[in-house]
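Written out below as structure tokens is the structure these notes cover.
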Amino acid sequence: MNEPGVQSLLTQSELHDRLAAGDLPDWAEAHYESFREGLLGERNDSPFPCYFGIESERNGDALYTFVESSTDPDALFAFRDTLTEYVETFPDYSDRCSLVTFWNPDPAVVTEADYHERLWHVLQFLHVHDPEPWPADIPTDPDDEHWEFCFAGEPMFPTCRAPFYDDRMSRYCPIGLEITFQPRAIFEGITADTEAGQQAREVIQERITEYDGVCPHADIGDWGVEGDREWIQYMLSADESQAPDECPIRVTREHPKVQPPAPQASD
């Protein structure tokens with residue numbers, strides 16, 4: 001996890017070392033500093049709502065990467081490889097090991113609709129180029145309470161922060177798109193069907209109200225609960241007219257979905 005390059009998988013200590021050495025571009029440095037200040041700082045005299053996120057950043061439990069483009073195929077293939085490495089790494093790294101991904105700001109991405117489009121472009125690319133089949137126990141229809149995004153055989157919850165949030169500051173990132181990938185495995189023991197999970201949700205919702213100054217978003221729900229949908233929570237809407245009405249991703253159990261190029265004949 002310490003190879004050179006912006007898109008490598010980084011521990012917190014490796015990331016801090018690169019920042020101290022000036023080895024990261026300005027956009028990457030600004031992205032991480034904004035992220036860390038948001039999680040460890042306060043707003044309206046209230047801490048960041050997700051105390052699991054706070055503890056993860058304080059304790060160095062997360063892994064990080066920076067992605068140079070949300071559209072360039074080479075950058076997305078490199079990210080696919082980084083995400084694959086993360087899936088192989090996180091079970092032995094820490095109990096709360098999420099992957100925080102910071103995306104190079106694109107001047108063409110301005111509106112909320114633009115950010116929704118980029119998120120789903122990234123997730124669709126990952127699905128099409130997934131190294132593993134879609135898990136047999138996860139539905140392929142996003143309009144199912146048991147559906148969630150999967151990659152490399154791992155069900156996960158990607159949650160976003162972006163610049164278009166004016167009121168929900170817990171979802172605000174001034175630099176550009178930020179996606180945190182959280183495998184379902186790290187939520188073991190704190191899901192909605194457990195007492196600890198119910199208590200955690202109550203505390204987080206109270207903190208959201210204090211931190212954001214508005215009620216928790218109506219679309220926030222829980223995986224597997226009838227009426228709740230995972231996909232709509234990945235990037236919560238600020239303006240419903242700019243958010244997709246249905247999940248933009250198309251999921252198939254076909255694998256592989258892209259055939260490798262045929263070897264070229266030698267002379």
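The numbers here are math on the coordinates, done by the rules we state, and not lab data. These figures come from a predicted structure and were not determined experimentally. Glycine also receives a Cβ, built like all others from the backbone with ideal geometry; neighbour counts cover every protein chain displayed.
Go through the stretch 108-115 residue by residue and turn each phi into a ³J(HN,Hα) via Karplus (6.51, -1.76, 1.60, θ = phi - 60°); whole Hz please, and just put x for glycine and proline.
Whole-Hz 3J(HN,Hα) from phi for the stretch 108-115: 7, 9, 10, 8, 4, 4, 4, 5.
Of (i) 71, 48, 39; (ii) 48, 41, 33; (iii) 53, 39, 31, which is the value of Cα extents along the principal axes in Å derived from the coordinates here?
Identified label for the calculated read-out: (i).
State to the nearest 20 debye the size of the charge dipole of the chain about its Cα centre, where the only charges are +1 on K and R beta carbons and -1 on D and E beta carbons.
280
So if R0 is 51 Å, what FRET efficiency would residue 121 and residue 199 give, r being the distance between their Cβ atoms, rounded to the nearest 0.05?
Efficiency at R0 = 51 Å is approximately 0.85.
By its C-alpha gyration tensor, with a ≥ b ≥ c as the square roots of the eigenvalues, how is the stretch 1-145 shaped: rounded for a/c under 1.5, else prolate for a/b larger than b/c, else oblate?
Rounded, since a/c falls under 1.5.
Please give me, ordered by residue number, the GluC sites (Glu not before Pro) of the stretch 109-218 that lie in loop per DSSP and have at most 12 other Cβ atoms within 10 Å.
Hits after loop and neighbour filter: 188.
Count the net charge of all other residues whose Cβ sits under 12 Å from the Cβ of residue 119, scoring Lys and Arg as +1 and Asp and Glu as -1.
-2
Compute the signed sum of charges (Lys and Arg +1, Asp and Glu -1) over the other residues within less than 11 Å, Cβ to Cβ, of residue 240.
Taking every other residue near residue 240 into account, the sum is -4.
Based on alpha-carbon centroids, what's the gap between the stretch 217-248 and the stretch 85-159 in Å, whole number please?
So the separation of the two Cα centres works out to 15 Å.
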